[in-house]
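The values are calculated or read from the model by the stated rules, or taken from the named source; none is laboratory data. As the structure is a prediction and not an experimental result, all values here were calculated from the model. Cβ atoms come from the backbone with ideal geometry, glycine included; neighbour counts cover every protein chain shown.
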Amino acid sequence: MAYKLFLLLEKFLMMLPKSWRKSFFVSLAALGYYASKRYKKVSFQNLDFAFEGRLSEKEKEEITKYAFKNLALNFLHAMELRHMSKEDLEKKITIQNIEAVKKVHNEGRAIIYVTTHYSSWELGGASIGAFIEPLIAVYKKMKNLAYQEWLLEARGRFGNISMEKTNVVKPLVRNLKQGLACGLLIDTNISPKEGLIVKFMNKSIRQTSTPAYLARKFNAAIIPVTIRTDDEEHYTLMLFDEIPVEKTENEAADIQKATQLQADWLTELITKEPKFWFWLHRRWKNDHPEIYEK
């Protein structure tokens, strides 16, 4: 029943002018900022830890407010993608450094897009599928299966295929062998049994080693990708040059080095424009739980 009501709300919102629809979600974000002491606190804890207390209270407030706003805008974008044409999306997106992808394609190699919860990740994933190539996007199973179905439908609008992360390695291998692309997030909290220890924001943390492992084994290319905006209407899909994965006699060292290079890329990205990252997530909770106990 609740899901049917939600779909009715979606239908109503999509009938409204775009500016009204955006104002509705921005208002929800503002309400969330003032009502959710828990996630506001998490953001401040993350910022204090990552920037070692160098940010002022005003800077932390501005970044946290935008984190709430950005989450709401991603929800809005997922809703709009469900009703959007490729032509509509094209009006919003500019692609930067497509040459990095063309180079890999000319070599006949598959691409592993590594990405992050940064700015409009929903538009970013959709834009890769619509204008570059369809990809297999790995996701974590959600508690609300009805919402999961709704969201995956939005993400599959332009040809992307979503796969739940449990036992996903074999399907990824099969598709990489066929030259198909995949997309992997590298900024989510993972269990102590997963990943490798790297330096991220100058702090030790576990990060998934799957991109480096797959790239090394199957001669695929790791291409970092993210998206940003200046006006929240037009977005730049930023493709970065390939992160090299060496293939020496020391497999573990090769994977460690390539995984660290991904963390370095993400650190530089966030340090340059921190407001776009998803600070509401307890990224360091497994490796540095003490920062959330304050």
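May I ask you to list the residues in the stretch 82-134 that are hydrophobic (A, V, I, L, M, F, W, C), assigned to a strand (DSSP E or B) and touching a His at 6+ places or on another chain (Cβ under 9 Å)? Show your work before the answer.
Within the stretch 82-134, the subset hydrophobic (A, V, I, L, M, F, W, C) is 84, 89, 93, 95, 98, 100-101, 104, 110-112, 114, 121, 123, 126, 128, 130-132.
Within this subset, residues satisfying the condition of being assigned to a strand (DSSP E or B) are 93, 95, 111-112, 114.
The answer is ILE93, ILE111.
Only one of these conditions is not met by ALA72: (1) farther than 22 Å from GLN148 by Cβ; (2) under 24 Å from the mean Cα position of the chain (by Cα); (3) among the aliphatic types (A, V, I, L, M). Which number is it?
For ALA72, the exception is condition (1).
Could you run through the stretch 135-161 and say how many residues are of a type in the set (Lys, Arg) and either touching a strand residue (DSSP E or B) at 6+ places or on another chain (Cβ under 7 Å) or part of a strand (DSSP E or B) (or both)? Please lay out each step first, then the result.
Just the residues of the stretch 135-161 that are of a type in the set (Lys, Arg), to begin with: 140-141, 143, 155, 157.
From what is left, the residues that are either touching a strand residue (DSSP E or B) at 6+ places or on another chain (Cβ under 7 Å) or part of a strand (DSSP E or B) (or both) are 141, 155.
Result for the stretch 135-161: 2.
Has the stretch 50-60 got any residue that is at pLDDT 95 or above, in a helix (DSSP H, G or I) and within 21 Å of the chain's Cα centre (by Cα)?
Yes, because at least one residue in the stretch 50-60 is at pLDDT 95 or above, in a helix (DSSP H, G or I) and within 21 Å of the chain's Cα centre (by Cα).
Which number in (1) modelled with pLDDT of 95 or more; (2) out of contact with any helix residue (DSSP H, G or I) (no Cβ under 8 Å at 6 or more places or on another chain) marks the one condition that PHE158 misses?
(2)
Any idea which residue in the stretch 114-132 is surrounded by the fewest Cβ atoms within 10 Å (Cβ to Cβ), counting only those that are among the aliphatic types (A, V, I, L, M) and out of contact with any Lys or Arg (no Cβ under 9 Å at 6 or more places or on another chain)? Give the derivation first.
Taking the stretch 114-132 as the starting set, the residues that turn out to be among the aliphatic types (A, V, I, L, M) are 114, 123, 126, 128, 130, 132.
Remaining after also requiring out of contact with any Lys or Arg (no Cβ under 9 Å at 6 or more places or on another chain): 114, 128, 132.
On the way: VAL114: 27, ILE128: 28, ILE132: 20.
If we take residues in the stretch 114-132 being among the aliphatic types (A, V, I, L, M) and out of contact with any Lys or Arg (no Cβ under 9 Å at 6 or more places or on another chain), then ILE132 is surrounded by the fewest Cβ atoms within 10 Å (Cβ to Cβ).
Could you say which residue among LYS165, LYS203, LYS217 is touching a residue at least 60 places away in the same chain (Cβ under 8 Å), surrounded by 14 or more Cβ atoms within 10 Å (Cβ to Cβ), among the charged types (D, E, K, R) and out of contact with any Asp or Glu (no Cβ under 7 Å at 6 or more places or on another chain)? Explain how you work it out, then say what you get.
Numbers: LYS165 fails: touching a residue at least 60 places away in the same chain (Cβ under 8 Å); LYS217 fails: touching a residue at least 60 places away in the same chain (Cβ under 8 Å).
Only one candidate passes the filter, namely LYS203.
Just the residues that are surrounded by 14 or more Cβ atoms within 10 Å (Cβ to Cβ) and either out of contact with any strand residue (DSSP E or B) (no Cβ under 7 Å at 6 or more places or on another chain) or β-branched (Val, Ile, Thr) (or both), please, taken from the stretch 252-263. If you could, list the steps in order and put the result at the bottom.
Keep residues of the stretch 252-263 that are surrounded by 14 or more Cβ atoms within 10 Å (Cβ to Cβ), which gives 254-263.
Within the stretch 252-263, ASP254, ILE255, LYS257, THR259 meet the criteria.
Within the stretch 1-35, restricting attention to residues that are touching a helix residue (DSSP H, G or I) at 6+ places or on another chain (Cβ under 8 Å) and among the hydroxyl-bearing types (Ser, Thr, Tyr), which residue is surrounded by the fewest Cβ atoms within 10 Å (Cβ to Cβ)?
Across the stretch 1-35, the extreme among qualifying residues is TYR3.
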